[in-house]
Amino acid sequence: MNPLSEKQIRSSFVNASRREAAQATLPDLAAVPWERLEYLGWRDRRSPAAAYVVLELPDGPVGVLLRASTPAAGRTPRRAVCAWCHDITATDATLYVARRAGADGRAGNTVGTLVCAEFTCSANVRRPPSSAEVGTDVDAVREQFTRERTAGLRERSARFVEEVLRPR
């Protein structure tokens, strides 16, 4: 992913008001490992239910304001596979819900997905594959497997953002 400025990030949000975008708590952009990311995702330190993702699409960066679901009181969270990275070793996936962009979002329409709670998808797709996943120790096979997982993450996360943008 190409490095983004604070201004680019704040102006990229398609389902947030200007006020919500301005009040978003951004991560330390100087510390972000941009070259190892397919998307930038973070939770708001001031509002734990708020989260954000920014992807690079062909027309430029697109940001989405998300809301994390809260498990019912007394209910043990279930393990789930992330819909974006499909990583089987992921420890925690959370249901994130996004208002649709435009009039549909203002009317209350949303779209949701299960994503790694701390947005670790990029690291998950880059972890060395197990022998159960690739069946061999040949480096070329392992590299191809990682490239395919990375491409899959890009495709699935972009599909979610496109769904947020699509009128109902």
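The values are calculated or read from the model by the stated rules, or taken from the named source; none is laboratory data. Just so you know, these numbers come straight off a predicted model, no measurement behind them. Every residue, glycine among them, receives a Cβ derived from its backbone with ideal geometry; neighbour counts consider all protein chains shown.
Tell me the residue from GLU143, GLU118, GLU133, GLU148 that is within 16 Å of TRP42 (Cβ to Cβ) and modelled with pLDDT under 95, please. Working first, answer last.
Details: GLU143 fails: within 16 Å of TRP42 (Cβ to Cβ); GLU133 fails: within 16 Å of TRP42 (Cβ to Cβ); GLU148 fails: within 16 Å of TRP42 (Cβ to Cβ).
GLU118 is the lone residue from the list that is within 16 Å of TRP42 (Cβ to Cβ) and modelled with pLDDT under 95.
Go over the candidates VAL81, VAL97, VAL111 one by one and state the one that is touching a Gly at 6+ places or on another chain (Cβ under 6 Å), of a type in the set (Val, Ile, Thr), farther than 16 Å from GLU38 by Cβ and not in a helix (DSSP H, G or I). Spell out how you get there, then give the answer.
On the way: VAL81 fails: touching a Gly at 6+ places or on another chain (Cβ under 6 Å); VAL111 fails: touching a Gly at 6+ places or on another chain (Cβ under 6 Å).
Being touching a Gly at 6+ places or on another chain (Cβ under 6 Å), of a type in the set (Val, Ile, Thr), farther than 16 Å from GLU38 by Cβ and not in a helix (DSSP H, G or I) holds for just one of VAL81, VAL97, VAL111, which is VAL97.
For the structure I just gave you, tell me whether ALA107 is touching a residue at least 24 places away in the same chain (Cβ under 8 Å) and of a type outside the set (S, T, N, Q). Give the derivation first.
Values: touching a residue at least 24 places away in the same chain (Cβ under 8 Å): no; of a type outside the set (S, T, N, Q): yes.
Criteria not met by ALA107.
Scan region 114-136 for residues that are part of a helix (DSSP H, G or I), without any contact (Cβ under 8 Å) to a residue 24 or more places away in the chain and either of a type in the set (Ser, Thr, Tyr) or crowded, with 19+ Cβ neighbours inside 10 Å (or both) and jot them down.
SER131
When the residues of region 1-26 are filtered to those that are over 30 Å from ALA107 (Cα atoms) and in contact with a strand residue (DSSP E or B) (Cβ under 8 Å, 6 or more places away or on another chain), which remaining residue is surrounded by the fewest Cβ atoms within 10 Å (Cβ to Cβ)? I'd like the intermediate steps shown before the answer.
The initial filter retains those residues of region 1-26 that are over 30 Å from ALA107 (Cα atoms), namely 1-5.
Still in the list and also in contact with a strand residue (DSSP E or B) (Cβ under 8 Å, 6 or more places away or on another chain): 1-2, 4.
Details: MET1: 18, ASN2: 9, LEU4: 20.
Here the answer is ASN2.
Can we say TRP42 is loosely packed, with under 12 Cβ neighbours inside 10 Å, under 22 Å from LEU153 (Cβ atoms) and in contact (Cβ under 8 Å) with a residue 24 or more places away in the chain?
On the way: loosely packed, with under 12 Cβ neighbours inside 10 Å: no; under 22 Å from LEU153 (Cβ atoms): yes; in contact (Cβ under 8 Å) with a residue 24 or more places away in the chain: yes.
No; evaluated as a whole, the condition is false for this residue.
Identify, please: which residue in region 137-158 is surrounded by 12 or more Cβ atoms within 10 Å (Cβ to Cβ) and of a type in the set (Gly, Ala, Ser) and is, among those, nearest to TRP84 (Cα to Cα)?
SER157
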